[in-house]
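Below is one structure; the comments refer to it alone.
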Amino acid sequence: MSRFVLAAALALGLAGTTLAASPYDELLKHASGNTNTIVLIDVKGAFASQLAKNEKWAEKTQQSGYGGLGFMPPDGDHLAITSEINFTTMVRDFQIGLVKVRNLPNFKELATREGGTTAEIAGQLTVLSPRNVYFTNFPGSILAAVYPADRQYVARWLKANKAGKLPPLSPILRKAADGSGENTLTIALDLEDVVEPTVLRFGLRVSPVMVKNKNVNQFALSVFLSRMKGLTFSAKVTDTVKGTLVVEWPDDVNRYKGVLKDLFLELVDSFGIAIEGLNSWEVVFTDTTMTLSGSMSSSDLKRIVSLFSFPQPGLSSEAPVMNDEPTAGATQRYLVAVDSILADIRKVKENKNYEKTATWHDKAAAQLEHIGRKNVDPLAVDFAFESAKRLRAIANSLRGVPLDLDALAQKGYVYTERNALWGGWWGGWGGLAFAPTSAQTNVPEILGEMSKVIANDKKKRDDTWAQIDNMLADTKRKLESKYKMKF
């Protein structure tokens, strides 16, 4: 989860005209006390768009639960995801998914579908799923999913909610929610008081953009950047996708508009995020904001949503199976979802910015692990987890950690996280805060060596993808022989 928020912050901004109310207010009133990130999705509107019809989102979601925006509740109108992010450790401490559905599921049936158990927490019925998530509900046909499944945290949140003691959203998040009405997707981060100027100054000293702009006062720039208030990404889906990124400060941005866009794009690259055409998005400055806007693909939009993904409830039109025996139907649905996720990340693999896609590989791996496994054949589950392991290894290879193909072939493989310089130049949030200042003299040399490692490791990454493809073919062959049907 360590790259979760940083990668998200690169794809986001804070803007929009403040409106009187938000269609998400009924959901957001259940946000936890330290919420600093919100994701708002008009699920019904998204699936009604011409793009969704052209790309058959509904059909794909029906087949596997994985459609045009990833894993979306099939019976949902509006979805809100509220998160408490520790910006120092970059860990998602507490995340709540809230969706207004047409029909709330029976919780005993939901527990059966999840292979989990029902339990009462703070006087409220919940379902504990083995996928590390609690499900519960609120009046108004609101289904809630809490991730990770920390019982004490859930209990304290439910007690505060019941007592009416949950605080309102911060002004930055409130503004983004109020301006979300016409958007298909709104993502906002409250970044006030997050960044330390001293850390920024260290990062700016080794930034390639700043090397080309030596006339800019880096001390003053670091103070300005550290006062960032927030970021929001919004997207409108019609027959195309139009995206907008806005970053807001309390101070005048015009004195730095010559370097801000380039610094932002540099940060995007350093986080391993490839969004096609982002470099050509139009940039507009006001006194306190920088706005980037342009077109994007539905695949890129889905990947942005994946930054906030977590286990969705196991709901389908099929009757739940009471025992744990694998069934052909559940296995086929599961494998279609796995295959769809791998197909999406393969598109990035072929992208010319393949070296800038580490984060997408990480998120695809997490999505594979989040798919419901109830009544799924172990052959399919084993393939999904082996694929996730390899995607994470590829992600680390793209960050400068050489692949060990022999280790990948072993069960229980543990990959190594890259340290120190991950996280970008001027953000510094992913490791620069803990990097010794003496390292600043050899950062360019270190990065040069890492670039060589990444380039030299390309064949191993290709070989790892070949392993995934071969495992998929082998898994399908075994399942078809076992169940006498096509997978």
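Neighbour counts of other Cβ atoms within 10 Å put 333, 102 in the fewest-to-most order 102, 333.
The aspartates and glutamates within cross-link reach of residue 159, meaning a Cα-to-Cα straight distance under 16 Å and a gap of 8 or more places when in the same chain, are 120, 150. Oblate is the label for region 119-162, because the ratio a/c of its alpha-carbon gyration tensor axes (a ≥ b ≥ c) is 1.5 or higher and a/b is not greater than b/c.
Read-outs throughout are calculated quantities, based only on the coordinates presented, and are distinct from any laboratory measurement. Keep in mind the model is a prediction, meaning the values are calculated, not measured. As a convention, Cβ positions derive from the backbone with ideal geometry for all residues, glycine included, and neighbour counts pool all protein chains shown.
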